[in-house]
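K.L.:
One structure coming up, written as structure tokens, with questions to follow.
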Amino acid sequence: MLNIVNKSPLERNALQSCIETGTGGAILLIEDGVYAVARGNSFEPTLKAAMGKFKVYALAPDLEARGIADRVMDGVTAVDYGGFVDLVAEYKSSQSWL
Amino acid sequence: MSDIKKFMFVNRKAPYGTIYALESLEVVLIAAAFEQDVSLAFMDDGVYQIKKGHQTKGIEVKGFEKTYGALEDYDVTKLYVDAESLAARGLTADDLTVPVEVMSRAELGKMMEEQDVLLSF
Amino acid sequence: MAIEINGKSVETDEEGYLVNLADWDEAIAGVLAQQENVTMTDQHWEVINFLRDYYNEFQIAPAVRVLTKAIGKKLGPEKGNSQYLYELFPYGPAKQACKIAGLPKPTGCV
């Protein structure tokens, strides 16, 4: 499954719940969700640990808009809008964690 | 029939504070009319949607707790609740307004993986 | 829109449904039925009362499939079928009966 998260993990528990519930597949972080992949944020250890279970992607335009494109942690793949579409097509189902 | 799809509605928000819970319930009732395989999951603050005893008169909003009771008439009987979310809010299945199946996050995750369509609210 | 009855004005929406459920009484139901060209009989009242009870219990007007099944359960199979209900309310038992019963349009009904 492709899990899409658009909330910062420091404000909402959407990403936490997604990681705890999901059985694997991918997580795509968009909008404020991209703050999760900024190096040095307090959620980093949790996201790093989840990388064993999920492939982690972040939407590049959202990283750039927030000035964090240059501090993306290792193991995260930045994708453009086309990459977003490819991910949706690649997985059997997708779920948005609002 | 092969054109019946598995739809799961995932509810993670408390009722009344936002419109999500009511919108979800309305979409569920509409979807049920199309005779699909519909299930509902409640986790995080979503479990508050089915907490017994809503009295909404004072906030002048239409309460919809009782409507969950009609789901059975719509043949929607698969209601799943995350055990951890209940426990974190000091609730048990006895506090809920409808009969549900309480399960772990891992079990709930497996159910999600089996769905054709997931709609989150 | 509004219905004038006994010197009182009762508000309805653009499709003729009551705006305030609390305004409903049997006299208003009679006017609503007249507007729908329905002549009320005991059989009609039975369905109207059933719908109002259903609404009080669940806070929704049931979809037609649900209404048919629930009526069958409560009033017997000879009444719990769409033929019987359409004979009473030719323009759709859910839509038309709900309107006369003073309830909102059933969810999922367009």
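K.L.:
Taking region B:38-68, which residues are outside any helix (DSSP H, G or I) and either among the small types (G, A, S) or open to solvent by less than 40 Å² (accessible area, probe 1.4 Å) (or both)?
P.N.:
Hits for region B:38-68 are B:V38, B:S39, B:L40, B:A41, B:F42, B:M43, B:G53, B:T56, B:G63, B:F64, B:E65.
K.L.:
Now a separate question. Does region B:103-116 include one or more residues that are open to solvent by less than 60 Å² (accessible area, probe 1.4 Å), more than 11 Å from the chain's Cα centre (by Cα) and within 21 Å of C:Y54 (Cβ to Cβ)?
P.N.:
There is no residue in region B:103-116 that is open to solvent by less than 60 Å² (accessible area, probe 1.4 Å), more than 11 Å from the chain's Cα centre (by Cα) and within 21 Å of C:Y54 (Cβ to Cβ).
K.L.:
Still on this structure, I have one more. Tell me which residues, restricted to region C:1-22, are open to solvent by 50 Å² or more (accessible area, probe 1.4 Å) and touching a residue at least 40 places away in the same chain (Cβ under 8 Å).
P.N.:
C:E15, C:L21
K.L.:
Could you check B:E72 against (1) more than 17 Å from B:D45 (Cα to Cα); (2) open to solvent by 30 Å² or more (accessible area, probe 1.4 Å); (3) away from chain C (no Cβ under 14 Å); (4) within 14 Å of the chain's Cα centre (by Cα) and say which number it fails?
P.N.:
Among (1) more than 17 Å from B:D45 (Cα to Cα); (2) open to solvent by 30 Å² or more (accessible area, probe 1.4 Å); (3) away from chain C (no Cβ under 14 Å); (4) within 14 Å of the chain's Cα centre (by Cα), B:E72 violates only (3).
K.L.:
Picking from C:A101, C:A94, which residue would you name as being within 14 Å of chain B (Cβ to nearest Cβ), crowded, with 19+ Cβ neighbours inside 10 Å and either over 23 Å from B:I30 (Cβ atoms) or within 13 Å of the chain's Cα centre (by Cα) (or both)? Full working, then the answer.
P.N.:
Working: C:A101 fails: within 14 Å of chain B (Cβ to nearest Cβ).
It is C:A94.
K.L.:
Mind checking whether some residue in region B:69-82 is among the β-branched types (V, I, T) and assigned to a strand (DSSP E or B)? Give the derivation first.
P.N.:
Going through region B:69-82, the residues among the β-branched types (V, I, T) turn out to be B:76-77, B:81.
Among the residues that remain, those that are also assigned to a strand (DSSP E or B) are: B:81.
Yes, region B:69-82 contains at least one residue that is among the β-branched types (V, I, T) and assigned to a strand (DSSP E or B).
K.L.:
For chain A, list the strands (runs of 3 or more DSSP E) that sit wholly inside it and hold at least 3 residues that are within 28 Å of B:S85 (Cβ to Cβ); which are they? Spell out how you get there, then give the answer.
P.N.:
Numbers: elements: A:2-5, A:25-29, A:54-59, A:76-79, A:94-97.
Counting at least 3 such residues, we get A:2-5, A:25-29, A:54-59, A:94-97.
K.L.:
Related question: Which one is modelled with the highest pLDDT, of the residues in region B:17-35 that are in contact with an Asp or Glu (Cβ under 9 Å, 6 or more places away or on another chain) and surrounded by fewer than 16 Cβ atoms within 10 Å (Cβ to Cβ)? Write out each step before concluding.
P.N.:
The initial filter retains those residues of region B:17-35 that are in contact with an Asp or Glu (Cβ under 9 Å, 6 or more places away or on another chain), namely B:17, B:32, B:35.
After this cut, where a residue has to be surrounded by fewer than 16 Cβ atoms within 10 Å (Cβ to Cβ) as well, the list is B:17, B:35.
Numbers: B:G17: 95, B:E35: 83.
Here the answer is B:G17.
K.L.:
Right, something else. State yes or no: is B:F42 within 27 Å of A:K53 (Cβ to Cβ) and away from every other protein chain (no Cβ under 11 Å)? Walk me through how you get there before you give the answer.
P.N.:
Numbers: within 27 Å of A:K53 (Cβ to Cβ): yes; away from every other protein chain (no Cβ under 11 Å): yes.
Yes, satisfied.
K.L.:
Quick one: what pairs do we get from region B:97-121, first residue more than 14 Å from A:L2 (Cβ to Cβ), second basic (K, R), C-beta under 6 Å, 6+ apart or different chains?
P.N.:
B:T97/B:K52
K.L.:
Might you check whether a residue that is touching a Gly at 6+ places or on another chain (Cβ under 7 Å), among the charged types (D, E, K, R) and within 17 Å of B:Y74 (Cα to Cα) occurs anywhere in region C:63-71?
P.N.:
Looking through region C:63-71, at least one residue is touching a Gly at 6+ places or on another chain (Cβ under 7 Å), among the charged types (D, E, K, R) and within 17 Å of B:Y74 (Cα to Cα).
The values are calculated or read from the model by the stated rules, or taken from the named source; none is laboratory data. Here the structure is a predicted model, which is why all the values come from computation and not from measurement. No Cβ is skipped: glycine too gets one built from the backbone with ideal geometry, and neighbour counts run over all protein chains shown. Areas reflect the complete protein model, heavy atoms only, side chains present, ligands, DNA and RNA absent. Shrake-Rupley method; radii C 1.70, N 1.55, O 1.52, S 1.80 Å.
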